[in-house]
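Since the structure comes first, as structure tokens, the remarks are kept for the end.
The values are calculated or read from the model by the stated rules, or taken from the named source; none is laboratory data. Computed from a predicted structure; not experimentally measured. Every residue, glycine as well, gets a Cβ built from its backbone with ideal geometry; the counts of neighbours run over all protein chains shown.
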Amino acid sequence: MKWKKSLLGWFVVGLVLCDVFQNADSFSHRPPSRRDWLWSNGCGAATIAANSLLAPSRGNAAPIITGNLPKLANQYYDTPIATKPEAGQFYFPTLTPPFQNRATYRYTLGRNSWALEQLLTFANVTATIRCNVIQLQNGAGGLWVHSPQWPTGEFCSLLDELGTVEHIVLPCNAFEHKAPVKAFVIRYPNAKVWVSPGQYGPLGRCGTTLTDPNTLGYKIDGVLGDPTNPPPPWADEFDIATLYVDLPKNAGPVSEVAFCHRPTKTLVSTDAVVYVPPMAPRILSTYFDQVTIQDRDFWPKSVLQAVFLPIRTDTRGNYPGYEALVDRLVRAPILRAVVDARAPEAVRDWIDKQTNGSWNFDRVLTSHFASPIEATPADVRASFQYLFEDDIQKLLGTSSRLPPIECQDWELLDSINQFIAKTNTGEKAIFDFQRGCIE
């Protein structure tokens, strides 16, 4: 099958990365240096303000305007964690590690919303993965469950305390989000199920409408973004924006759906943006001992491995790639290199729909790392400024007042794209995803 051939190609990519990135081609143009960046951003408050207010967009109405920098809301730090390990932390069969002792932490996020967090571990990569839950205001106030995770006894007990699960949302086709959904649907058979379009791969497939063949193994009630079907019953509370890109040479289409819950002014995002906290999330203590977690190198290395940036230190022993990500709302580097590089127009239009002024939100919930994040549509748009701004100097001038990722830290992901192009194992990149990097 096509997806098997494509996945094999990506597996080969992984095996040869260590050799390939050592020989990455140089850039065809001289990227701005750190001195250039400091000059662009250090010529006085008036220059910074002018750049941030006047930065034009590529034919889109809303300019990038940066005010206060996004930050983690107090709920992330101050909320007590709810756990119920006695209810059971094991689920079989689970397709993503850890395979035993899978803890669940529940966070109260305010505004009748919660996050249920588990760990995702694979080889040397460890990341948090979150299911965000919102209590609907219509009807009986049932639960809208976004990207559910493995239904262990602990997970379900913590969820059931909140109310009745009415709607299950699979918001993208990434494996770690798709894998637990069938088990979750079996656990909550009375809930309606809504999926992003173009589900594809070894866990089953569906098309872009309900009339397309569905082999997901469970009944779906709607494909999000399908104009031929009535909107979901919860659409009166949510704005919906669907990204769907069919990359025929890759392992199926790419899709992700963003939601704005109007009553609570909340953007619910899956993988589009991330916010890396300055300290390791508390749930890591269920998998690692305290000596490991308190090591100053542990969290920076964990972050860099999760986002596919090289573990590189500077002369002070710091990690420049990590410093370019921590305490910031950013586009996940791996998606910037893999998706944005191949479908820049589609991603730009998708983000524009969320940030052009029609959506009103003041916080963001994400599926990885940490949230809620105090952020506005302008802040989200600024995370994708490399797609909107043509002028490199203006791009640097609106770089959220913090240095962007250095060019050499993009070499690993750039080498993946070069290898794919040379071996024809996937769709070629058509956009310079590194735009705005500094030396």
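Within segment 288-310, track down each residue that is outside any helix (DSSP H, G or I) and surrounded by fewer than 16 Cβ atoms within 10 Å (Cβ to Cβ).
289, 295, 296, 297
Would you point out which residue out of 273, 254 is within 18 Å of the chain's Cα centre (by Cα), at pLDDT 95 or above, among the β-branched types (Val, Ile, Thr) and crowded, with 20+ Cβ neighbours inside 10 Å?
Answer to the selection: 273.
Quick check: is even one residue across segment 93-115 within 15 Å of residue 159 (Cα to Cα), of a type in the set (Lys, Arg) and out of contact with any Pro (no Cβ under 7 Å at 6 or more places or on another chain)?
yes
Of the numbered conditions (1) touching a strand residue (DSSP E or B) at 6+ places or on another chain (Cβ under 7 Å); (2) assigned to a loop (DSSP other than H, G, I, E, B), residue 200 satisfies every one except a single condition; which is it?
Here residue 200 clears every test but (1).
Residues of segment 335-352 being under 22 Å from residue 411 (Cα atoms) and of a type in the set (Gly, Ala, Ser), which ones?
337, 341, 343
Could you look through segment 92-111, keep only residues that are farther than 30 Å from residue 264 by Cα and buried (at least 16 other Cβ atoms within 10 Å of the Cβ), and pick out the one that is modelled with the highest pLDDT?
By that ranking, first place goes to 102.
With the checklist (1) part of a loop (DSSP other than H, G, I, E, B); (2) touching a Lys or Arg at 6+ places or on another chain (Cβ under 6 Å) in hand, flag the one item residue 163 doesn't pass.
All conditions pass for residue 163, except number (2).
Sort out which residues of segment 405-420 are under 11 Å from residue 310 (Cα atoms) and aliphatic (A, V, I, L, M), and write them in order of number.
Passing the criteria: 412, 413.
When the residues of segment 67-91 are narrowed to those that are touching a Phe, Trp or Tyr at 6+ places or on another chain (Cβ under 8 Å) and in a loop (DSSP other than H, G, I, E, B), which ends up surrounded by the fewest Cβ atoms within 10 Å (Cβ to Cβ)?
Out of the qualifying residues, it is 81.
Just give me the residues in segment 218-245 being free of Cβ contacts under 8 Å to residues at least 60 places away in the same chain, closer than 27 Å to residue 135 by Cα and assigned to a loop (DSSP other than H, G, I, E, B), in sequence order.
Once the filter is applied, which keeps residues that are free of Cβ contacts under 8 Å to residues at least 60 places away in the same chain, closer than 27 Å to residue 135 by Cα and assigned to a loop (DSSP other than H, G, I, E, B), segment 218-245 yields 218, 219, 220, 221, 224, 225, 226, 227, 229, 230, 231, 235.
What is the residue count in segment 340-387 for residues that are within 20 Å of residue 436 (Cβ to Cβ), of a type in the set (Val, Ile, Thr) and surrounded by fewer than 24 Cβ atoms within 10 Å (Cβ to Cβ)?
Within segment 340-387, residues that are within 20 Å of residue 436 (Cβ to Cβ), of a type in the set (Val, Ile, Thr) and surrounded by fewer than 24 Cβ atoms within 10 Å (Cβ to Cβ) number 0.
Tell me, please, whether a residue that is buried (at least 23 other Cβ atoms within 10 Å of the Cβ), modelled with pLDDT under 95, at negative phi and within 21 Å of the chain's Cα centre (by Cα) can be found in segment 173-190.
Looking through segment 173-190, at least one residue is buried (at least 23 other Cβ atoms within 10 Å of the Cβ), modelled with pLDDT under 95, at negative phi and within 21 Å of the chain's Cα centre (by Cα).
Among the candidates 314, 297, single out the residue that is without any contact (Cβ under 8 Å) to a residue 24 or more places away in the chain, out of contact with any Leu (no Cβ under 8 Å at 6 or more places or on another chain) and within 30 Å of residue 104 (Cα to Cα).
Step by step, each of 314, 297 is checked, and only 297 is without any contact (Cβ under 8 Å) to a residue 24 or more places away in the chain, out of contact with any Leu (no Cβ under 8 Å at 6 or more places or on another chain) and within 30 Å of residue 104 (Cα to Cα).
Quick check on my filter: what residues within segment 112-156 are within 23 Å of residue 234 (Cα to Cα), at pLDDT 95 or above and either in a loop (DSSP other than H, G, I, E, B) or among the basic types (Lys, Arg) (or both)?
Correct list: 112, 130, 136, 142, 147, 148, 149.
Per-residue answers, yes or no, for (1) touching a Phe, Trp or Tyr at 6+ places or on another chain (Cβ under 7 Å); (2) of a type in the set (A, V, I, L, M, F, W, C):
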residue	(1), (2)
293	no, yes
298	no, yes
320	no, no
330	no, yes
336	yes, no
346	no, yes
358	no, no
